[in-house]
Structures are given as structure tokens and as C-alpha cells.
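Right, one structure below, let's go through it.
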Amino acid sequence: MTTHSNKRSDQVAADQALIDGTLKFLSQLASLPVGSQTMTPADIVKVLQARVDAGKAVQTANAARTAAVKANLDERQKTSSFVTAFRQIVVGMFRQSPDTLAVFNLTAPKAAKRTVAVKSAAVAKSKATRTARNTLGSKQKKSIKGATPGASTASVGTTPAASSGPAAPPAPAVLPPKPTP
């Protein structure tokens, strides 16, 4: 007895070999006992030929399915940017009416929720930027009062060098021009 293969092509080939053997060596017999029935060689060939035809139909359908799946994937890949752009247009047009978007099987995008870590990093970066630029808020600006020239209450002996503000940087040194050779 031979081993059985689960490959469809092997099964079809085995059934075809049974047909060929039956036609070559058993066609002269009137009938054969097969299982619990008695069959003629022509009936045996019909049963086996039906199996071969069904197996070949599956192979053909499988090849057609593979070709159809490949064609579908190729078409989707070719038109994916178009469909994405169209979906964005439809969502943009009907963002405020979810019923209309539902007809297109689309939903309005939800706002992204920022995590606590992202928020704290943003606050720290904002504070660092304000410190680096020496920017002040509206309440901090209100507390700063400038002195007007006519309303000075300072005593006569004070000098401007005693102010608490930052000192002006020294003037840059002027470099002599480079001699030309």
C-alpha cells in the first residue's frame, strides 16, 4: 500500500493513476466487489473521474482566487493615497455632523489626550524659556514701577551706580585691521 499525501495535486494524480490502471487491466471484467457494492469498471471510472474533476476544479478555483487576491491588493496599494485624501476631505466637510459621517462609515477624529508627563515637560520648558528670555507675566509687570524724571524722591547724595538693576556690559574692544600682505 502506498502512503497518502494531503496535497491536492498528489491526490488528483493518484486518482488518475487508478483510472488508468482500471482501464488497462480491469476493463474486461463484468463487475467488481467494491466495499459493500458490486460495480462495473465503467462505474468505478465514473466515480474516480468525478474525484479528479472536483480536484482540478479546486486547483483552478484556488489559482483564480490567488490571482483575484493579488489583483485586489495591487489595486488597493495603487489607490491608497487617493482614498486617504478623499476620507480626509469628507471628514473635514462633515466633522460637525456625525450622522453624515456614519453614512460614509467614518468617524470624526478625537482630540489627542496629553499625558501628565508631556504636560509637566511642557511646563518645565515654558519656565526655562521665560527665565532665559527674562520675560514677565502681567502681574509681575504691574509690580515694576519706573521712576519719572520729575517725581524723583531720591536724596541728593545717591548715585546711579547704587541701583539694584543689572550692570551694563562693557563696550567691546575694537580690533585693529589685519595687515594685507
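Nothing in this text is a laboratory measurement; each read-out follows from the coordinates by a stated rule. Keep in mind it's a predicted model, so treat the numbers as computed, not measured. Positions of Cβ are generated from backbone atoms using ideal geometry, with glycine treated the same way; all protein chains shown enter the neighbour counts.
Take 80-89, 10-19 and order them by the average number of nearby Cβ atoms within 10 Å per residue, most first; the result is 10-19, 80-89.
Starting with the highest mean, order 41-51, 103-113 by the number of other Cβ atoms within 10 Å, averaged over the residues of each peptide.
41-51, 103-113
Under the simplified labelling scheme, the Ala14-Ala108 pair shows an inter-label distance of 6.3 nm, with each label point 7 Å from Cα along Cα→Cβ.
Projecting label points 7 angstrom from Cα along Cα→Cβ for Val116 and Val34 puts them 7.7 nm apart.
Label sites at His4 and Thr129, each approximated as a point 7 angstrom past Cα along Cα to Cβ, lie 7.4 nm apart.
The packing ranking of peptides 136-148, 20-32, highest mean first, is 20-32, 136-148, where packing means the average number of other beta carbon atoms within 10 angstrom of each residue. Full extension of the chain between Lys78 and Ser138 gives 16.0 nm of extra length, using 0.36 nm per residue less the Cα-Cα distance. Placing R0 at 35 angstrom, the Cβ-Cβ distance between Ile89 and Ala61 gives a FRET efficiency of 0.35 after rounding to 0.05.
Rounded to the nearest Hz, the phi-derived 3J(HN,Hα) couplings of region 49-64 under the Karplus curve 6.51 cos²θ - 1.76 cosθ + 1.60 (θ = phi - 60°) are 5, 5, 5, 5, 4, 5, x, 5, 5, 5, 4, 5, 5, 5, 5, 5, where x marks glycine and proline. By the count of neighbouring beta-carbon atoms within 10 Å, fewest first, Met39, Met93 end up ordered Met93, Met39.
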